[in-house]
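*Asks:* I'd like to ask some things about the structure below.
The values are calculated or read from the model by the stated rules, or taken from the named source; none is laboratory data. Everything numeric here is computed off the predicted structure, so don't read it as measured data. Methodologically, a virtual Cβ is constructed for each residue, glycine included, from the backbone with ideal geometry; neighbour enumeration extends over all protein chains shown. When the accessible area is computed, the model is the full protein with side chains, heavy atoms only, and any ligands, DNA or RNA have been set aside. Shrake-Rupley method; radii C 1.70, N 1.55, O 1.52, S 1.80 Å.
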Amino acid sequence: MGNSYSKVSLSGQPATDFGVTEQRHSRPSVSAHLDEVLVENVFHSMLTLERRRAERSRKPFVLMLLDANLENGTAEQILREAVDIVVVSKRETDVVGWYKNGAILGVIFTEVSLEGERPITDTLRTKIDTAFIKHLGRERAARIAISLHPFPESWDKDSSGWVADSKLYPDLKRKVSRKQLPLVIKRVIDVAGSAALLLVLSPFLLVIMALIKLTSKGPVLFEQERLGRLGARFKCLKFRTMYSNNDPKIHQDYVQQFIAGKAGLDNSEGAAQPVYKLVKDPRITSVGGFLRKTSLDELPQFWNVLRGDMSLVGPRPPVPYEFEVYDIWHRRRVLEVKPGVTGLWQVSGRNRMRFDEMVRLDLRYCQTWSIWLDVKILLATPWAVFNGGGAC
């Protein structure tokens, strides 16, 4: 796997030390290959395209960033010398460009394998360190900070789970900067709307809390860990609709099979399409069944909106065990915007559609969202709740 980076150079000749052709007689001339390095915006576009390609092909890649901004005034000079070493050594399928013009050089190593006894990131780091020391000298090579960023990011259910590596998504920063004013307006609407709804609905919320308390043992509110923007975890609030000390594996198994597109999951009491939520669930209380059917169990999420964990409108926040079985392209739904109490697929088809269709609608929202689209979704939500047969 790692050896693919040390077999041949662009010239087709045998190469050593990170694939750098032997040049013991002279140091590579400064900036000899600078015209082969992509400018910043083009390199970012290529990185976006490589993410999409990796999602389709399921062949990972590694982004290497070379940052020499450790001493003022020397970053660009050192990196211009490093360019020659990198360009000569890379494979034809690899991409070199400025991640940040004149300050951070980027290399995309395409179609690598993340499996093996030794991580590919360790192999790449060792080889580039060796090549830089050999051709730049130990002192100058030490000025270049190297970081490696594999895509897709790993999932570790025993520790932090999944958190998006922001270095892999420079295009998202540009989108945020272009939509700075709409994002401020969206946040103002979120704060004002959630605060007003909590205030107006407070008598009704107290009635629901009393019914839950009087009809079953346990807390009134249920906290469930969800994934927000860029994979950040938060506690999503709901009214408790199930008996305490229930077995979560029932829902976990069902949802994971549903995401995988397994047949035989029609649990919707005669519906033509399978539903995302487990309807015939023995864990649900009598009051809980009514709350779930009318989406009233979602009302405490307005506090999540007020706190900034969620927005009034956005993609549905996934549960960690659900995210664990996501395909790579499914993960995009948690990248660009905060999760929402309601969203495009909830008002388009509610929960009676295939999982991939739900994700595509979430992605469409992320790509095309505007204040006007949020307003239309908010206005359509009451009818979707009334006519939709249960929230998700």
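*Asks:* Can you name the condition, by its number, that E76 falls short on among (1) in contact with a helix residue (DSSP H, G or I) (Cβ under 9 Å, 6 or more places away or on another chain); (2) at pLDDT below 85?
*Replies:* The single condition E76 does not satisfy is (1).
*Asks:* Among the numbered conditions (1) closer than 23 Å to E81 by Cβ; (2) in a helix (DSSP H, G or I); (3) hydrophobic (A, V, I, L, M, F, W, C), tell me where I146 comes up short.
*Replies:* (2)
*Asks:* Specify which of the listed residues (I185, I250) is under 15 Å from V337 (Cα atoms), open to solvent by 60 Å² or more (accessible area, probe 1.4 Å) and over 20 Å from the mean Cα position of the chain (by Cα). Break it down into steps so the answer makes sense when it comes.
*Replies:* Numbers: I250 fails: under 15 Å from V337 (Cα atoms).
After ruling out the rest, the residue left standing is I185.
*Asks:* Related question: Within the range 219-241, work out how many residues are surrounded by 19 or more Cβ atoms within 10 Å (Cβ to Cβ) and hydrophobic (A, V, I, L, M, F, W, C).
*Replies:* Number satisfying all stated conditions: 6.
*Asks:* I would also like to ask the following. Among the numbered criteria (1) modelled with pLDDT of 85 or more; (2) over 27 Å from A142 (Cβ atoms); (3) surrounded by 15 or more Cβ atoms within 10 Å (Cβ to Cβ); (4) out of contact with any Leu (no Cβ under 6 Å at 6 or more places or on another chain), which single criterion is violated by P60?
*Replies:* If we test P60 against (1) modelled with pLDDT of 85 or more; (2) over 27 Å from A142 (Cβ atoms); (3) surrounded by 15 or more Cβ atoms within 10 Å (Cβ to Cβ); (4) out of contact with any Leu (no Cβ under 6 Å at 6 or more places or on another chain), just (4) comes out false.
*Asks:* Can you name the residue in the range 90-102 that is in contact (Cβ under 8 Å) with a residue 40 or more places away in the chain and open to solvent by 10 Å² or more (accessible area, probe 1.4 Å) and is also nearest to H44 (Cα to Cα) among such residues?
*Replies:* Step one: of the range 90-102, the residues in contact (Cβ under 8 Å) with a residue 40 or more places away in the chain are 90-92, 95-101.
In the following step, the residues that additionally are open to solvent by 10 Å² or more (accessible area, probe 1.4 Å) were identified as 90-92, 95, 98-101.
On the way: K90: 18, R91: 19, E92: 18, V95: 11, W98: 9, Y99: 7, K100: 9, N101: 11 Å.
Going through the qualifying residues, I end up with Y99.
*Asks:* From the list L105, L136, pick out the single residue that is open to solvent by less than 60 Å² (accessible area, probe 1.4 Å), farther than 28 Å from S45 by Cβ, in contact (Cβ under 8 Å) with a residue 40 or more places away in the chain and not charged (D, E, K, R).
*Replies:* Working: L105 fails: farther than 28 Å from S45 by Cβ.
Exactly one of L105, L136 is open to solvent by less than 60 Å² (accessible area, probe 1.4 Å), farther than 28 Å from S45 by Cβ, in contact (Cβ under 8 Å) with a residue 40 or more places away in the chain and not charged (D, E, K, R), namely L136.
*Asks:* Please go through the range 279-306 and pick out each residue that is at pLDDT below 85 and farther than 22 Å from L211 by Cβ.
*Replies:* Selection gives K280 alone.
*Asks:* If I filter the range 257-273 down to residues being at pLDDT below 80 and closer than 18 Å to Y326 by Cβ, which single residue comes out as surrounded by the most Cβ atoms within 10 Å (Cβ to Cβ)? Outline the logic, then answer.
*Replies:* So the first thing to find is which residues in the range 257-273 are at pLDDT below 80, and the list is 260-273.
Going one step further and asking which of them are closer than 18 Å to Y326 by Cβ, we end up with 260-262, 265.
Working: A260: 11, G261: 11, K262: 11, L265: 17.
Residue satisfying both the conditions and the ranking: L265.
*Asks:* While we're here: Looking at F204, F234, F239, F222 in this structure, which one is within 23 Å of C366 (Cβ to Cβ) and of a type outside the set (K, R)?
*Replies:* Exactly one residue qualifies, and that residue is F234.
*Asks:* Something else now. Which condition breaks for V207 when tested against (1) over 30 Å from V176 (Cβ atoms); (2) at pLDDT below 95?
*Replies:* (2)
*Asks:* Count, please, the residues in the range 338-357 that happen to be open to solvent by less than 40 Å² (accessible area, probe 1.4 Å) and at pLDDT 90 or above.
*Replies:* Qualifying residue count, the range 338-357: 6.
*Asks:* Does at least one position in the range 170-177 carry a residue that is among the aliphatic types (A, V, I, L, M), in contact with a strand residue (DSSP E or B) (Cβ under 9 Å, 6 or more places away or on another chain), in contact (Cβ under 8 Å) with a residue 12 or more places away in the chain and within 30 Å of H44 (Cβ to Cβ)?
*Replies:* Applying the first criterion (among the aliphatic types (A, V, I, L, M)) to the range 170-177 yields 172, 176.
If we keep only those that are in contact with a strand residue (DSSP E or B) (Cβ under 9 Å, 6 or more places away or on another chain) as well, we get none.
Taking every residue of the range 170-177 in turn, none turns out to be among the aliphatic types (A, V, I, L, M), in contact with a strand residue (DSSP E or B) (Cβ under 9 Å, 6 or more places away or on another chain), in contact (Cβ under 8 Å) with a residue 12 or more places away in the chain and within 30 Å of H44 (Cβ to Cβ).
*Asks:* Same structure again: Of R187, R229, which residue is under 21 Å from V359 (Cα atoms), modelled with pLDDT of 85 or more and not aromatic (F, W, Y)?
*Replies:* Details: R187 fails: under 21 Å from V359 (Cα atoms).
The unique qualifying residue is R229.
*Asks:* Write out, first by first residue and then by second, each pair whose Cβ atoms fall under 6 Å of each other, whose residues are 6+ apart or on separate chains, and whose first residue, in the range 75-87, is more than 13 Å from H135 (Cβ to Cβ) while the second is surrounded by 21 or more Cβ atoms within 10 Å (Cβ to Cβ).
*Replies:* Cβ pairs passing all conditions: A75/A68; L79/A68; L79/L105.
*Asks:* Considering (1) crowded, with 18+ Cβ neighbours inside 10 Å; (2) in contact with a Ser or Thr (Cβ under 8 Å, 6 or more places away or on another chain); (3) outside any helix (DSSP H, G or I), say which one E111 fails and leave the rest.
*Replies:* (1)
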